[in-house]
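Participant: What follows is a structure written as structure tokens; I'll ask about it next.
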Amino acid sequence: MAVTGDSLSPGPTPHPLKIFDTARKQDRFIYACAPMVRYSKLAFRQTAHRYGTDLCWTPMILAKEFNRSEFARDSDLTISTTAPQPPTILQFGANSPLELARASSLAAPFVSGVDLNCGCPQSWACAESLGAALMDQRALVRDMVSQARQRLRHDGWAVGTESDMDSPNGRSVSVKIRVHADLRRTVDFLDTVVGHAQFRNVDWVTIHPRTRHTPSTTPIFTEALEMLADKYADTLPLLLSGDVFDLSALPVRGTTPTVKDDVTPPSAPRPSTTRLSGFMSARGLLANPALFAGHAACPWEAVETLMCRLARAPLPFKLALHHVQEMTGPGMGPDKRALLSKRERAQLNACESMLDLVDFLDAKLEEHTGRQGMRRDL
């Protein structure tokens, strides 16, 4: 693991189930940053956490390579000891109980929990029996999460259930799934993977209500989500992943009370009215890391925050540039305001180094806001 700071430990973070429990008592949603290939790196996770994201996923990391290569561990997982370390869930791609158990053991000192990817639809992943291909192998998934849990417990990590929420050694095990065209198969999958309600194999499930073959341009299947929530919300927390672009237009309905013949507009969704515990965003947060702080469009201060984090947890320049391109263009939500005009974004794309990028953003920040640039903070 690559560490920014002087210690080999990131220090304690709240047990994920404690975060869920506190949110439930406050009748508020949990907000999560999705695992995104290349993009869910430390600087971006810190930025999203600064603006109200409760749990941050790493990009999917292949368990087999993580076990065998110190280089893979250093390049794939970066943690911080001197800057805020968000409660971090390491997502693994795996198809072997032994590999997932070993990788979970290696990762446990550095993260708050581990998550098994059963949702990636990319052809290369499915060809290797990873990601969404696992939705057809429910017994294998059950064995993987069960053995990972056993290994963590054997190594001294608290992986019971709610009883371990207050333990500094508490760690979580979860899965992220898609759905089947025939929801009966999804129910069979979850019944097998979750196991007994009081002795669960997983602490929560993140549901992306699209099938393996459904394009992201197709809206999520809200009926499938509601049916699964009705069946499993009393057993364990559920997160929704998909189409989370704006807090004022979350892809679920609240309660709709009626008085006689009067039709009352639907109320704003709450955990107590939707049966969901929270929301996970990918493209929405990529364009606007301040989404969960209630910003309808990305503010300049979020760009400043990201650049300051990048100074301490660097990324390859092209990746850093892409983050800024996403944040300064039109967002994914209804509010299409952009921090930079089309002409200015073309100038942004011409930057060839981090120094060019900082100089360009300094000038635009002062031009658009009247404030001095960000070099004072770097």
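The values are calculated or read from the model by the stated rules, or taken from the named source; none is laboratory data. Here the structure is a predicted model, which is why all the values come from computation and not from measurement. Cβ: placed from backbone, ideal geometry, glycine included. Neighbour counts: every protein chain shown. Only protein heavy atoms, including side chains, enter the accessible area calculation; ligands, DNA and RNA are left aside. Shrake-Rupley method; radii C 1.70, N 1.55, O 1.52, S 1.80 Å.
Participant: Which condition number does MET135 fail, the rest of (1) under 22 Å from the mean Cα position of the chain (by Cα); (2) open to solvent by 40 Å² or more (accessible area, probe 1.4 Å) being met?
Facilitator: Failed condition: (2).
Participant: Output the residues belonging to region 31-55 that are buried (at least 24 other Cβ atoms within 10 Å of the Cβ) and either touching a Ser or Thr at 6+ places or on another chain (Cβ under 6 Å) or part of a loop (DSSP other than H, G, I, E, B) (or both).
Facilitator: Initially, region 31-55 is screened for residues buried (at least 24 other Cβ atoms within 10 Å of the Cβ), giving 31-35, 42-48, 53, 55.
Listed by number, the residues that qualify are TYR31, CYS33, ALA34, PRO35, LEU42, THR47, THR53.
Participant: Something else now. Restricting attention to region 155-173, and to residues there that are assigned to a strand (DSSP E or B) and among the hydrophobic types (A, V, I, L, M, F, W, C), which single residue is surrounded by the fewest Cβ atoms within 10 Å (Cβ to Cβ)?
Facilitator: Residues of region 155-173 assigned to a strand (DSSP E or B): 158, 170, 172-173.
Next, from what is left, pick out any that are among the hydrophobic types (A, V, I, L, M, F, W, C): 158, 173.
Details: ALA158: 18, VAL173: 25.
Ranking the candidates gives ALA158 first.
Participant: Just give me the residues in region 308-330 being open to solvent by 20 Å² or more (accessible area, probe 1.4 Å) and assigned to a loop (DSSP other than H, G, I, E, B), in sequence order.
Facilitator: Applying the first criterion (open to solvent by 20 Å² or more (accessible area, probe 1.4 Å)) to region 308-330 yields 308-309, 311-312, 314-319, 322, 325-326, 330.
PRO314, LEU315, PRO316, PRO330 - these are the residues of region 308-330 that are open to solvent by 20 Å² or more (accessible area, probe 1.4 Å) and assigned to a loop (DSSP other than H, G, I, E, B).
Conditions tested, residue by residue: (1) at pLDDT 95 or above; (2) closer than 21 Å to ASN201 by Cβ; (3) of a type in the set (D, E, K, R).
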residue: THR58; (1), (2), (3): yes, no, no
residue: LEU62; (1), (2), (3): yes, no, no
residue: ASP74; (1), (2), (3): no, no, yes
residue: GLN91; (1), (2), (3): yes, yes, no
residue: PHE110; (1), (2), (3): no, no, no
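Participant: Also, I was wondering about something else. Output the qualifying pairs, or none if there are none: Cβ atoms under 8 angstrom, residues six or more apart or on different chains, first residue in region 14-34 and farther than 18 Å from PRO251 by Cα and of a type in the set (A, V, I, L, M, F, W, C), second residue open to solvent by 20 Å² or more (accessible area, probe 1.4 Å) and assigned to a helix (DSSP H, G or I).
Facilitator: LEU17/GLU162; LEU17/ASP164; ALA23/PRO271
Participant: Taking region 127-149, which residues are in a loop (DSSP other than H, G, I, E, B) and acidic (Asp, Glu)?
Facilitator: Going through region 127-149, the residues in a loop (DSSP other than H, G, I, E, B) turn out to be 128-130, 137.
Within region 127-149, GLU128 is the sole residue that qualifies.
Participant: Which pairs do you get when a residue that is surrounded by 24 or more Cβ atoms within 10 Å (Cβ to Cβ), found in region 85-112, comes within reach of a residue that is in a loop (DSSP other than H, G, I, E, B) and basic (Lys, Arg), reach meaning Cβ atoms under 7 angstrom, with the pair 6+ apart or on two chains?
Facilitator: Qualifying pairs under 7 Å: SER112/ARG171.
Participant: So the check is Cβ under 9 Å with 6+ separation or different chains; which pairs have a first residue in region 173-197 that's within 21 Å of LEU17 (Cβ to Cβ) and a second one that's open to solvent by 30 Å² or more (accessible area, probe 1.4 Å) and charged (D, E, K, R)?
Facilitator: As it stands, the answer is LEU190/ARG138; LEU190/LYS231; VAL193/ARG138; VAL193/ARG142; VAL194/ARG142; GLY195/ARG142; ALA197/ASP234, since those pairs meet every condition given.
Participant: Quick check on LEU152: is it closer than 24 Å to PHE279 by Cα and either under 23 Å from the mean Cα position of the chain (by Cα) or part of a loop (DSSP other than H, G, I, E, B) (or both)?
Facilitator: Working: closer than 24 Å to PHE279 by Cα: no; either under 23 Å from the mean Cα position of the chain (by Cα) or part of a loop (DSSP other than H, G, I, E, B) (or both): yes.
Judged against the criteria, LEU152 is not a match.
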